[in-house]
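See structure below.
Taken together, the values in this text are just the output of simple stated rules run on the coordinates, not laboratory data. These numbers come from a predicted model, not from an experiment. For neighbour counting, all protein chains shown are included, and Cβ atoms are generated from backbone atoms with ideal geometry for every residue, glycine included.
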Amino acid sequence: MEAKVLKMLIPMALDGLKATIGVFALTLIVSIPLSIAVAKLRISKNKIISNIIGMYIYVMRGTPLLLQLMFIFFGYYRVPVIGYAFSREQAIFIAFILNYTAYFAEIFRGGINSVDVGQYEASQVLELGKSHTFMRIILPQVIKNVMPSIGNEVITLIKDTSLIYILGAGDILKAAKSVSNAYAAFSPYIYIGFVYLVITAVLTKILGKIENKYNYYR
Amino acid sequence: MVLSVENLSKSFGKNKVFSDISFSVNRGEIVCIRGKSGEGKTTLLRCLTGLEDADKGSIIINDMFLCKEENSHIKYAQKAELVAIRQEIGLVFQSFNLFPHMNVMENLLEAPTFLKKEAAETIRKRAEVLLKRLELEGKEDSYPFQLSGGQKQRVAIARACMLNPSVLCFDEPTSALDEQTRAQISKIIRDLASQGIAIIIVTHDNAFVDEIAQRIITMKDGFITVD
């Protein structure tokens with residue numbers, strides 16, 4: 001019985017893994033740089049921009065990701081004037097990127113605010129220019145400060161990818177569900193649980209290495 | 001005369017920090033500005049170095065206007081001009097404000113490399129000479145957290161000197177130093193002055209003022225009381 005379960009589960013899980021890793025990687029690649037820009041806009045002196053970004057972050061953090069996925073796929077085209085429906089993949093990526101950008105942006109905002117004002121002043125006196133100051137002086141210090149919090153979100157993200165099942169997309173958890181239904185067995189969920197643990201272990205290792213990379217200074 | 005300040009005033013809201021401050025500094029002169037805490041000394045230094053905008057008056061550095069009064073409004077130099085003028089005046093912060101993620105050499109090279117004032121090789125050679133002169137040889141690869149207070153201050157001085165300023169300002173340079181390091185810093189300051197750099201030191205350390213000052217400006221209640 002268990003052999004049959006595994007025989008059915010492995011190919012489906014590998015397919016599902018592609019979706020899981022795909023959503024995870026694309027969300028990270030787009031969200032992290034985008035969230036730095038959003039964080040800068042959030043702390044902008046322009047109150048209108050800052051408030052609009054604040055509202056976006058409030059909505060993204062104040063509603064479940066599951067609801068956001070459903071809204072973007074099922075509800076968005078019903079909004080008058082828009083009348084455009086996203087494909088399943090588009091809806092998944094848009095929802096994940098919008099949601100995680102909001103969380104990452106709040107982390108980066110905290111990181112930017114934690115850099116001593118003296119760093120900005122020293123850069124100003126040395127005439128380093130605003131964008132050079134941010135990229136070369138502030139951002140490296142921000143990254144060091146925010147790495148532990150970013151790490152937490154990255155691990156949450158890998159688990160959140162299982163939410164794509166709501167739009168009918170197949171990830172590793174959906175593979176477990178299908179096999180479980182076919183054989184009336186619970187074991188597929190346990191196997192997939194181990195897969196999540198392995199992915200988390202790999203991510204923890206990578207995140208630890210990145211954190212260590214910034215430990216060369218205090 | 002390398003720096004001239006005329007009728008400079010600054011307020012934060014209704015709180016007047018200083019009013020109608022006027023003084024000038026010559027090349028190679030060591031001027032100490034002293035006064036109790038809260039008398040506006042540091043704010044004056046911040047106005048001179050462009051970290052704060054003054055409300056009234058003018059600041060002239062090397063015959064270039066950083067700001068001047070026009071029709072009873074203060075007018076600052078245009079951006080391109082401002083960058084050139086502000087390079088003429090350096091500041092060594094009380095807490096040094098070194099870039100913690102960069103080693104000593106990187107701290108020194110960052111600004112001149114960004115401003116592309118000279119070829120990279122020339123900049124590096126100048127940094128090496130400065131480090132040697134400030135007795136920081138062998139510390140090129142050290143990070144600020146690996147340095148003592150006195151060493152950090154010397155790196156901050158070297159970093160400011162990399163832009164070849166005509167005026168170098170010090171904010172409370174002796175506040176965190178022991179006797180020996182203090183003597184070392186005062187020697188370095190004299191050395192810089194002997195090369196023609198005008199030095200402005202803001203401090204409430206009277207012993208240090210007596211030791212190093214060629215001229216003393218005393219601030220009280222936002223005014224210069226003695227010059």
Calculated FRET value between A:D116 and A:R78, using beta carbons and R₀ = 30 Å, to 0.05: 0.05
Dipole moment magnitude, nearest 20 debye, chain B about Cα centre, only Lys, Arg, Asp, Glu C-beta charged: 160
Electrostatic dipole magnitude of the protein assembly as shown [Cβ: Lys, Arg +1; Asp, Glu -1; Cα centre; debye, to 20]: 1380
Reachable lysines, given that their alpha-carbon falls under 17 Å from the alpha-carbon of A:K4 and they are not under 8 places away in the same chain: A:K177
11 Å beta-carbon shell around B:I199, net charge (K/R +1, D/E -1): +1
Per-pair calculated FRET efficiency, R0 = 51 Å: A:R88 and B:H73 via Cβ, rounded to 0.05: 0.25
Volume in Å³ per residue [convex hull over Cα atoms, computed for chain A]: 137
Value of [θ]222 nm, deg cm²/dmol, for chain B, DSSP H segments ≥ 4, -39500 (n - 2.57) each, nearest 500: -10500 deg cm²/dmol
Global geometry of the range B:72-227, whether rounded, prolate or oblate, following the gyration tensor of its Cα atoms and the 1.5 cut on a/c: oblate
Ranked list, fewest to most other Cβ atoms within 10 Å of each Cβ, for B:R190, A:R218, B:R133: A:R218, B:R190, B:R133
Part-to-part distance (alpha-carbon centres) for the range B:201-222 and the range B:64-105, which is given in Å: 23
Kirkwood estimate for the range A:155-218, i.e. one over the average of 1/r between Cα atoms, Å: 13.6
Exposed chymotrypsin sites (Phe, Trp or Tyr not before Pro) absent - longest run of chain A, DSSP non-H/G/I/E/B, at most 11 other C-beta within 10 Å: A:85-185
Max mean-square fluctuation residue, GNM over chain B, Cα-Cα springs under 10 Å, options B:L51, B:L66, B:L109: B:L51
Local net charge near A:N212, Cβ-Cβ under 13 Å (Lys/Arg +1, Asp/Glu -1): +3
Projected label distance in nm at B:S175 and A:Y58, using a 7 Å step from Cα toward the beta-carbon: 3.9
Angle between chain A longest axis and helix A:187-213 axis [Cα atoms, degrees, rounded to 10]: 20
Furthest towards positive pole of dipole, B:L131, B:C169, B:Q78, structure part the range B:58-182, Cβ charges: B:Q78
Net charge dipole size for the range B:1-76 [Lys, Arg +1 and Asp, Glu -1 on Cβ; Debye, nearest 20]: 320
Cα convex hull of the protein assembly as shown, projected area averaged across orientations, nm²: 28.9
With Cα atoms, 0 to 90° folded angle of helix A:172-183 axis to chain A main axis: 10
Entries in B:K132/B:K187; B:K10/B:K152; A:K130/A:K209; A:K130/B:K125 that, when Cα-Cα distance is taken, lie over 20 Å: B:K10/B:K152; A:K130/A:K209; A:K130/B:K125
Of B:V129, B:V92, B:V209, the one that fluctuates the most in a GNM where chain B has Cα springs shorter than 10 Å: B:V129
Separation between Cα centres of the range B:151-194 and the range A:120-189, rounded to whole Å: 45
GNM result for chain A, Cα springs below 10 Å: residue of A:G111, A:G62, A:G170 fluctuating most strongly: A:G62
